[in-house]
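The values are calculated or read from the model by the stated rules, or taken from the named source; none is laboratory data. Values in this document were obtained by computation on a predicted structure and should not be read as measured data. Virtual Cβ from ideal backbone geometry, glycine too; neighbours counted across all protein chains shown. Each accessible area value is taken on the protein alone, full model and side chains, heavy atoms only, with ligands, DNA and RNA left out. Shrake-Rupley method; radii C 1.70, N 1.55, O 1.52, S 1.80 Å.
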Amino acid sequence: ALVLEVTDKTFIAIENTYEVILSVNTKIDEKIEVRRDGQLVYESDSLEETHSFRQTFTRPNIHSFEAKLIVEDDEAINNVYYKTTRVVQRPKVAYVGTNPDMFSFLKLLFDAEQVSSIPSLDSYSALVLSNTPAGAIDSSSLDAFIADGNGLAVFGGDKSFDFGNYDGDDFGIVLPTK
């Protein structure tokens, strides 16, 4: 028997590591094949329990994976595993902050844009605030943004949280902190 571990959803241009996990009771000659959309992307004749392979996608799509254990076996139904993954555009993220390392990290994962203040959030999936004082945050627009299922990440510093007057401000109520 085998299992294919594939993420349900991933982003364009992100390298993903997938695994095929074998469960065999005896040492027998076998071969593993993994196909993506009918094309062979991995094969091995190793008896190792876990097999890893990498995939990077270039455009949005839904991809079908089929992992197959090629072996003489009475339970052939256990020797094929199907899975799909959905590839989507990288989410657009607004970053309000001045930390170049944080912004570089965000750019690796997202379509991140560094802005000096909170912009109109209509075209963004998430907002990242880094060391931003409460006075620079319009919490009324954030309430609707978050309620619509968008993301908010807040990182501290010498101008935020206790030092940024979050306590008593409407924005402080949005955060799950005291």
### Task
Work out how much length residue 79 to residue 108 would gain on full extension: take 0.36 nm times their residue separation and subtract the Cα-Cα distance, in nm to one decimal.
6.8 nm
### Task
Would you work out which of 80, 32, 61 lies farthest towards the positive end of the dipole of segment 1-104, given +1 charges on the beta-carbon of Lys and Arg and -1 on that of Asp and Glu, about the Cα centre?
61
#### Entry: Simple Cβ-charge dipole of the chain, Lys/Arg +1 and Asp/Glu -1, about Cα centre, in debye nearest 20
540 debye
### Folded to 0 to 90 degrees: helix 100-109 orientation relative to the chain principal axis, Cα
40 degrees
### Message
How large are Rg and Dmax for the chain when calculated on the C-alpha trace, in angstrom?
### Response
23.1, 69
### Summary
Mean-square fluctuation maximum in Gaussian network of the chain, Cα pairs under 10 Å, restricted to 21, 77, 12, hits 77
### Of all accessible heavy-atom area on the chain, the percent that carbon and sulfur account for (1.4 Å)
47 percent
## Note on the structure
To the nearest Å², the heavy-atom accessible area per residue of the chain with 1.4 Å probe amounts to 61 Å²
